[in-house]
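A.B. asks: Take a look at the following structure, please.
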Amino acid sequence: MNCFQESRRIVIKIGSSTLTHKSGHINIRRMEQIVKILSDIHNSGKDLILVSSGAIAVGVGKLGLRERPSDTASKQAAAAVGQCELMYLYDKMFAEYNHSVSQVLMTRDIIEDEHRKQNAMNAFRRLIDFGTIPIVNENDTVAVDEIEFGDNDTLSAIVAKLTGADVLVLMSDIDGLYSGNPRTNPDVQLIPKVEKITPEIESIAEEAGSSRGTGGMITKIHAAQIAVEAGIDMAIINGEHPEQLYQLFDGETVGTHFTARRNDPEGE
Ligand code: GLU
């Protein structure tokens with residue numbers, strides 16, 4: 001048994017590039033596959049929390065805009081439209097498998113104030129106790145400047161800490177962390193396990209990026225730093241192949257696994 005098989009509470013982050021076509025519209029087939037597998041994983045007895053991006057991308061598609069806007073007010077408006085559509089779809093798809101979803105929209109100030117943080121933790125706990133699948137996103141309509149997280153990779157690591165998760169899985173548009181940039185260099189290798197986040201790992205990650213979300217590989221490494229220091233194992237898998245979720249939770253080696261730091265008396 002490995003940590004993913006044994007895990008009781010999991011946070012899964014789904015990026016915009018996993019959920020949408022290049023056109024910006026929602027990838028219905030992909031979303032249905034993911035919801036079906038997640039429903040099954042939930043049925044197997046694991047608590048499940050989703051961090052889903054896609055509000056702005058879906059809003060852009062729904063409003064018929066030609067591209068992702070660059071001004072803040074338009075992004076806020078696109079998120080308001082897209083978040084509704086996104087939750088409508090999740091609600092409908094999870095209901096097919098008899099699961100209830102709940103929406104949690106976060107801003108940075110919630111975790112910076114101890115009292116608000118406790119309130120958020122209580123709400124998560126109760127939503128999980130009630131058997132719902134919380135679906136979290138940044139509150140992009142109001143979270144600008146100092147109250148924004150900026151990317152959902154970081155947000156998902158914070159949510160994993162807040163909810164006491166055992167593992168965090170980031171579904172990306174790439175198989176995991178490579179020894180270089182696979183988009184420009186065909187000779188690079190997938191790194192299956194990272195036991196320590198070194199400056200070398202960070203510089204490899206700086207090179208890789210993604211087009212439809214706000215994060216790239218570097219924000220995933222930052223998320224890994226938060227997670228592993230909190231004793232949470234993290235994996236990056238390819239969202240284009242949702243069946244990798246089954247492989248991961250069946251204990252197979254898939255994607256890149258960042259191993260959690262556990263009880264290290266040397267502080268190393
Ligand atoms: N919160 C943004 C959205 O839902 C995405 C942020 C990200 O991709 O990291 O559109």
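The values are calculated or read from the model by the stated rules, or taken from the named source; none is laboratory data. Quick caveat, the model's predicted, so the values are computed rather than measured. Please note: Cβ atoms are built from the backbone with ideal geometry, for glycine as well, and neighbour counts cover all protein chains shown. Side chains included, ligands, DNA and RNA excluded: accessible areas come from the protein's heavy atoms. Shrake-Rupley method; radii C 1.70, N 1.55, O 1.52, S 1.80 Å.
A.B. asks: Given region 1-55, what helices (runs of 4 or more DSSP H) lie entirely inside it while holding 2 or more residues that are among the β-branched types (Val, Ile, Thr) and within 26 Å of Ala79 (Cβ to Cβ)?
C.D. replies: Working: elements: 3-6, 16-19, 28-43.
Hits in region 1-55: 28-43.
A.B. asks: Give region 218-235 a look and list any residue that's within 16 Å of the ligand (Cβ to nearest atom) and either under 21 Å from Glu207 (Cβ atoms) or surrounded by fewer than 23 Cβ atoms within 10 Å (Cβ to Cβ) (or both), or say none.
C.D. replies: Our first condition is that a residue be within 16 Å of the ligand (Cβ to nearest atom); within region 218-235, this holds for 218-224, 226-227, 234.
Hits for region 218-235 are Ile218, Thr219, Lys220, Ile221, His222, Ala223, Ala224, Ile226, Met234.
A.B. asks: Considering only residues that are touching an Asp or Glu at 6+ places or on another chain (Cβ under 7 Å) and more than 15 Å from the ligand (Cβ to nearest atom), look in region 181-217 and name the one that is modelled with the highest pLDDT.
C.D. replies: Here is the first cut: in region 181-217, the ones touching an Asp or Glu at 6+ places or on another chain (Cβ under 7 Å) are 181, 190, 210, 214-215.
Narrowing the set further to residues that are more than 15 Å from the ligand (Cβ to nearest atom) leaves 181, 190.
Numbers: Asn181: 82, Leu190: 94.
Once the filter is applied, the top-ranked residue is Leu190.
A.B. asks: Which pairs have Cβ atoms under 9 Å, sit 6 or more apart or on different chains, and link a residue in region 19-35 that is touching a residue at least 12 places away in the same chain (Cβ under 8 Å) and under 14 Å from Arg68 (Cα atoms) to one that is surrounded by 19 or more Cβ atoms within 10 Å (Cβ to Cβ) and among the aromatic types (Phe, Trp, Tyr)?
C.D. replies: Hits for this filter: zero, empty list.
A.B. asks: Considering each residue of region 42-79, count those that are among the acidic types (Asp, Glu) and either within 15 Å of the ligand (Cβ to nearest atom) or surrounded by fewer than 17 Cβ atoms within 10 Å (Cβ to Cβ) (or both), and give that number. I'd like the intermediate steps shown before the answer.
C.D. replies: Initially, region 42-79 is screened for residues among the acidic types (Asp, Glu), giving 47, 67, 71.
Narrowing further to those that are either within 15 Å of the ligand (Cβ to nearest atom) or surrounded by fewer than 17 Cβ atoms within 10 Å (Cβ to Cβ) (or both): 67, 71.
So the count comes out to 2.
A.B. asks: Just give me the residues in region 80-98 being more than 16 Å from the ligand (Cβ to nearest atom) and either in contact with a strand residue (DSSP E or B) (Cβ under 6 Å, 6 or more places away or on another chain) or farther than 21 Å from Asn43 by Cβ (or both), in sequence order.
C.D. replies: Selection gives Asp91, Phe94.
A.B. asks: Show the residue pairs meeting these rules: Cβ distance below 7 Å; 6+ apart or different chains; first residue within region 177-195 and touching a residue at least 60 places away in the same chain (Cβ under 8 Å) and open to solvent by 60 Å² or more (accessible area, probe 1.4 Å); second residue in a loop (DSSP other than H, G, I, E, B) and among the acidic types (Asp, Glu).
C.D. replies: Final answer for the pair search is Leu190/Asp175.
A.B. asks: Output the number of residues of region 149-162 satisfying the condition of being open to solvent by 10 Å² or more (accessible area, probe 1.4 Å) and either more than 9 Å from the ligand (Cβ to nearest atom) or in contact with a helix residue (DSSP H, G or I) (Cβ under 6 Å, 6 or more places away or on another chain) (or both). Before you say what the answer is, go through the steps one by one.
C.D. replies: Taking region 149-162 and keeping what is open to solvent by 10 Å² or more (accessible area, probe 1.4 Å), we get 149-152, 154, 158, 161-162.
So of that shortlist, the ones also either more than 9 Å from the ligand (Cβ to nearest atom) or in contact with a helix residue (DSSP H, G or I) (Cβ under 6 Å, 6 or more places away or on another chain) (or both) come out as 149, 151, 154, 158, 161-162.
The total comes to 6.
A.B. asks: Does Val136 meet the test of being crowded, with 18+ Cβ neighbours inside 10 Å, within 16 Å of the ligand (Cβ to nearest atom) and more than 28 Å from Pro69 (Cα to Cα)? Walk me through it before giving the result.
C.D. replies: Values: crowded, with 18+ Cβ neighbours inside 10 Å: yes; within 16 Å of the ligand (Cβ to nearest atom): yes; more than 28 Å from Pro69 (Cα to Cα): no.
So Val136 does not fit the description; no.
A.B. asks: Yes or no: Phe130 among the hydrophobic types (A, V, I, L, M, F, W, C) and open to solvent by 20 Å² or more (accessible area, probe 1.4 Å)? Steps first, please.
C.D. replies: On the way: among the hydrophobic types (A, V, I, L, M, F, W, C): yes; open to solvent by 20 Å² or more (accessible area, probe 1.4 Å): yes.
Considered against the rule, which asks whether it is among the hydrophobic types (A, V, I, L, M, F, W, C) and open to solvent by 20 Å² or more (accessible area, probe 1.4 Å), Phe130 comes out as yes.
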